[in-house]
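Here's the structure we're looking at; comments come further down.
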Amino acid sequence: MVKHHKQRGIALITILMILAIMVTIAATMTGRMTSSLLRTEGLSYSEKVYWYGQATVDFSRMVLEDDFADSEVISLDQIWATPDIVFPVDEGSITGNMVDYRRCFNINAIAQADQDDTRALPISQFQILLISLGVEEYAAEIIAESTRDWLDNNDTVDVSQGAEDRYYESVGVPHLTANHLMVDVSELRAIQGVTDQIYERIKPFLCALPASNQLINVNTVNKKQPQILFALFPPELLITIEDIQSILDDRPISGWASVDEFLASELIADKLIPDVISSQLSVTSDFFQLFGLAEFDQRVMVFKLLFKVENKKATTIRFQYAGVEEVVGMEMFK
């Protein structure tokens, strides 16, 4: 009898162990299945938000091409310049802001060597811009010359205020000069003399285009940033920031029809503007940056891309995922 009870006890324990194992297996399978379903759902939602982002890109391209089809002049009263365009979509929204990148100072235009005893014009213009933004004169010269050394394709310091590989190899985090055009203005932080405070001050006035020419669209320069145009004109012309500010305040709603019309503005009409300066002015543009945000079911994708417009066709030449802070930072362009 005792033996029979022991056998029954062993059988019960065995059954309980088998049951416990089955419950554990079932729980594990359920957990894995739930995780798989959530992962599949997440991928599905991510794919949807991705395509919403692509829709933003395609719509922006269409707007650009429509504006160029209607006019050779690019100005701030056109559809592309409409701020904070928001389109509600199923369970989300898409937001886009377009910025004309010919409204800012192209940092990549200063990689030019001096001619004999004549300093390269873009270097002087960049230094004037820095000084007009409150950078101390000697610091501005160091930054301007060091930026040229960073961009040019040699390892020779053009003037004593510049810096090449030898300088950067000796800093706390050693690195080399790019010897190439900048891809993003943020590269300035790696250059001699550019402190965090200086960078934050000058960043809104600069852009880094995949082109070495300087071309400023007078129709789209921010009225709050007259320093950009002021920096182009030689000091001997006695054109002040206040003069440029006044001209921008009186800018026609649809912009100037030509550069000559801009130069005919009352405060500068009597100035003899050199051809090399007037050639840096324009009433049209060819590079536009799109800051986009696609949101779907609390999932967000932020991106920025650069359009180049040629023959009235817009082509994406650079695409980057970005942070939400960059979309918030678009206020600086308005």
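Before moving on, here are some points about what is shown:
- Anisotropy class of the range 100-139 from Cα gyration tensor, a/c 1.5 cut: oblate
- Within the chain, longest stretch free of exposed GluC sites (Glu not before Pro) [DSSP loop, at most 14 other beta carbons within 10 Å]: 170-265
- Cα extents of the range 71-137 along the three principal axes, largest first (Å): 63, 33, 19
- Cβ-Cβ FRET estimate between V89 and N213, R0 fixed at 35 Å, reported to 0.05: 0.35
- Shape class of the range 187-334 from the Cα gyration tensor (axes a ≥ b ≥ c, square roots of the eigenvalues): prolate, since a/c reaches 1.5 or more and a/b is larger than b/c.
- Hz values of 3J(HN,Hα) by residue in the range 194-209 - Karplus curve (6.51, -1.76, 1.60), Gly and Pro given as x: 8, 7, 4, 5, 5, 4, 4, 6, 9, 3, x, 9, 10, 8, 10, 9
- Given K48/K304; K203/K224; K224/K304; K223/K312; K203/K313; K203/K304, the pairs whose alpha carbons are separated by over 25 Å: K223/K312; K203/K313
- Residues whose amide H comes within less than 5 Å of that of I85, counting only those at least five positions distant or on another chain, are G96 (H built at 1.01 Å from N in the peptide plane).
- Contact order normalised by residue count of the chain, Cα under 8 Å, 6+ apart, percent: 22 percent
- When the Gaussian network model of the chain links Cα atoms closer than 10 Å, the mean-square fluctuations of Q298, Q127, Q54 top out at Q298.
- GNM result for the chain, Cα springs below 10 Å: residue of L263, L306, L290 fluctuating most strongly: L263
- Note on the chain: Kirkwood radius taken over Cα pairs, Stokes-Einstein applied at 25 °C and 0.890 mPa s, translational D equal to 104 µm² s⁻¹.
- Calculated mean residue ellipticity, 222 nm, the chain: -13000 deg cm²/dmol, from DSSP H runs (n ≥ 4) at -39500 (n - 2.57) each, averaged per residue and rounded to 500.
- The range 84-143: trypsin sites (Lys or Arg not before Pro) in DSSP loop, at most 11 other beta carbons within 10 Å: none
Bear in mind that the values in this text are calculations on the coordinates, not laboratory data. Keep in mind that what you see is a predicted model, and the values were worked out from it rather than measured. Backbone-built Cβ (ideal geometry, glycine too); neighbour counts: all protein chains shown.
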